[in-house]
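Below you'll find the structure, written out as structure tokens, and then a few comments.
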Amino acid sequence: MNDSIALTGLARQLVFAELLDAKTAQQAQAEALRNKIPLVSHLVQNKLVKPRALAEMASEQFGLPLLELKALDKEGQPKELVSEKLIRQHRVLPLLRRGNILFVGVSDPTNQQAIRDIQFSTGLTVETLLVEDDKLGEAIDKFFDSGATGMEELADVDLDGVDLEQGGEKKEEAATNEADDSPVVKFVHKMLLDAIRGGASDLHFEPYEKSYRVRFRTDGILFEVAKPPLQLASRIAARLKVMSAMDISERRKPQDGRIKLKISANKAIDFRVNTCPTLWGEKIVMRILDPTSAQMGIDALGYEEEQKALYLKALSQPQGMILVTGPTGSGKTVSLYTGLNILNTPDINISTAEDPVEINLEGINQVNVNPKQGMDFTQALRAFLRQDPDVIMVGEIRDLETASIAVKAAQTGHMVMSTLHTNSAAETLTRLRNMGVPSFNIATSVNLIIAQRLARRLCPACKKVHDIPREALLEEGFPAEQIGKFKLYQPVGCDACKGGYKGRVGIYEVVKITPALQRIIMEEGNSIEIASKAREEGFNDLRTSGLLKAMQGMTSLAEVNRVTKD
């Protein structure tokens with residue numbers, strides 16, 4: 001047994017199982033290494049161990065199930081996930097995909113590099129099943145005889161589909177030529193396409209001391225989707241910076257860039273990219289800017305009929321101010337763009353000042369504010385007012401100067417649309433007053449306030465009825481007279497969704513500034529008094545609107561509580 005000390009992995013197990021003596025195992029291990037082929041293949045080709053006996057021993061020693069390939073449903077094999085190069089290099093066979101788990105057949109259970117490479121390439125968790133080596137080779141040949149995997153074709157589309165702004169084409173072309181077959185290039189492009197297909201809003205590439213991870217924000221929640229090797233962190237960051245036309249030599253300062261990814265002849269998706277130096281490298285966050293999200297139409301956003309009518313009526317007014325409020329990621333931009341699309345006709349002059357412009361809209365004059373170059377919201381507003389505007393959209397009211405000019409524009413015959421980071425309609429009015437805007441100006445310029453949140457929508461395929469006692473429903477705020485007339489649902493989870501939710505729906509508080517509310521504003525009433533009067537006037541607050549969405553079966557009570565409870 002002294003000679004067997006140098007043996008590793010499978011060779012050692014073969015000696016322990018008495019299928020080979022130590023000397024033969026040692027020679028086989030050395031020859032397989034010298035010929036750069038798997039040990040299992042060398043043993044089978046040289047008839048040193050029978051394939052069946054080898055598979056049964058490995059199954060017992062490593063605790064892995066042994067699969068009979070005849071029982072495999074070949075129609076269900078995933079043919080687009082793993083490249084032919086990886087399959088033949090590591091002698092593995094994709095068998096079945098279930099959710100985020102990919103099952104592969106192997107004949108050598110000690111080949112951990114194969115598992116790591118496939119996990120990196122696919123972004124999936126890999127589980128192995130043992131297969132007899134001779135049958136595995138035949139199955140791999142048949143796998144490719146039945147058609148190409150499509151992975152190479154997908155990679156080609158990805159590489160050709162990147163169109164850079166700001167003169168970055170030459171950099172991109174050079175990087176592509178140098179690393180056309182690079183796994184980093186294919187991995188990055190796969191992440192971008194996966195994010196688009198999965199409906200993600202943001203991608204996070206995050207380096208840590210001992211690991212690296214990629215997360216997608218889908219329906220407002222972050223999910224880990226991949227853990228590439230840590231040593232590739234700098235190469236992934238460099239690839240993304242080249243694509244975004246950033247300075248790849250600058251690693252100590254934050255940078256901003258954009259990527260345009262053409263996914264078909266007539267559709268392109270923009271990514272807004274930001275880098276930030278951290279302790280362990282550059283974290284890169286990408287925001288997906290899909291122009292189609294701003295063209296869904298007001299009916300797709302989730303407004304109740306009376307709320308939609310209030311918004312449309314406010315949009316039809318020749319002057320005044322419409323304010324959309326809520327925290328970051330609550331859908332304010334889509335609400336504003338939806339309104340702008342409704343107003344976007346040849347007879348109306350529309351100008352917007354944004355930080356930055358997220359979605360390009362044909363027929364609208366959009367300006368990127370850039371304080372370093374003297375173009376802030378205030379300067380943009382002043383310029384707009386000298387250009388015969390009908391509608392002005394300000395990305396955000398942040399200070400008194402911007403608020404004052406916006407109010408003045410709303411009072412002098414212009415429709416002004418903007419956002420604030422407040423939690424409710426009532427708080428928006430008091431925030432303007434706290435900035436220093438006179439109460440009279442607020443009361444006479446603001447027409448409508450929309451406070452909003454985004455709640456995850458229940459998956460219609462798997463949601464199930466959620467029985468909650470009457471007392472608990474009353475405590476949550478459901479109207480007593482309605483209890484028993486509706487059903488609440490809870491998430492379950494299936495292959496068609498993430499954790500029982502699929503997509504999002506808006507929850508809105510839409511408040512028209514009525515004469516009664518104007519009086520309270522001019523009397524400098526606080527936010528509690530304004531909110532109370534708004535409810536008296538018949539305007540649902542966010543909590544009531546959220547409970548209504550739950551009563552309609554669109555979302556769960558838990559989700560309503562998550563986005564509306566303080």
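The values are calculated or read from the model by the stated rules, or taken from the named source; none is laboratory data. Bear in mind that the values here come from a model prediction, so they are computed numbers and not experimental data. Here the Cβ is made from the backbone with ideal geometry for all residues, glycine too, and neighbour counts use every protein chain on show. Only protein heavy atoms, including side chains, enter the accessible area calculation; ligands, DNA and RNA are left aside. Shrake-Rupley method; radii C 1.70, N 1.55, O 1.52, S 1.80 Å.
Averaged over its residues, the chain has an accessible area of 49 Å² per residue, based on protein heavy atoms and a 1.4 Å probe.
Calculate the dipole size of the chain relative to its Cα centre from +1 charges on Lys and Arg beta carbons and -1 charges on Asp and Glu beta carbons; express the result in debye to the nearest 20. Intermediate values should be presented prior to the final figure.
Values: 70 positive and 76 negative charges, 127 e Å.
I would put it at about 620 debye.
Taking each residue as 0.36 nm, the span from Arg562 to Lys487 lengthens on full extension beyond its C-alpha to C-alpha distance by 25.1 nm.
Among the listed options (i) 20, 51, 28, 2; (ii) 17, 48, 28, 7, 0; (iii) 17, 40, 29, 12, 2, the one matching P(r) over Cα pairs in 20 Å bins from 0, in percent as calculated from these coordinates is (iii).
Solvent-accessible area of Ile348, all protein chains in place: 50 Å² (probe radius 1.4 Å, heavy atoms, ligands and nucleic acids excluded).
The angle between the Cα long axis of helix 425-435 and the main principal axis of the chain comes to about 70°, on a 0 to 90 degree scale.
The Cys residues in the chain with no partner Cys Cβ within less than 4.7 Å of their Cβ are Cys276. Taking a straight line from the alpha carbon of Lys313, these lysines sit under 30 Å away, with near neighbours fewer than eight places off in the same chain left out: Lys332, Lys408, Lys512, Lys533, Lys549, Lys565. How far is helix 233-243 tilted off the main Cα axis of the chain, in degrees rounded to 10, range 0 to 90? With rounding to tens, the tilt is 50 degrees. Report the residues of the range 479-502 in range of a label on Phe223: point 7 Å along Cα→C-beta, backbone N strictly under 20 Å from it. Taking a point 7 Å out along Cα→Cβ of Phe223, the residues of the range 479-502 whose backbone N falls under 20 Å are 490-502. Based on C-alpha pairs under 8 angstrom that are at least 6 apart in sequence, the range 182-289 has a relative contact order of 25 percent.
Subtracting the Cα-Cα distance of Glu138 and Arg287 from 0.36 nm times their residue separation leaves 49.2 nm of extension gain. Pairs of alpha-carbon atoms within less than 8 angstrom and 6+ residues apart define the contacts here; what relative contact order does the chain have, in percent? Computed over the chain, the figure is 9 percent.
Calculated mean residue ellipticity, 222 nm, the chain: -11500 deg cm²/dmol, from DSSP H runs (n ≥ 4) at -39500 (n - 2.57) each, averaged per residue and rounded to 500.
With angles folded into 0 to 90 degrees, how steeply does helix 542-551 sit against the dominant principal axis of the chain? Use alpha carbons for both and round to 10. The two axes meet at around 50 degrees. Of the solvent-accessible surface of the chain, computed with a 1.4 Å probe and all protein chains present, 49% belongs to carbon and sulfur. Which lysines, on any chain, are close to Lys23 with Cα under 26 Å apart, when same-chain ones fewer than 8 places away are left out? By straight Cα distance, Lys23 reaches Lys36, Lys47, Lys50. Relative contact order for the range 9-145: 25 percent, from Cα pairs under 8 Å spaced at least 6 residues apart, divided by residue count.
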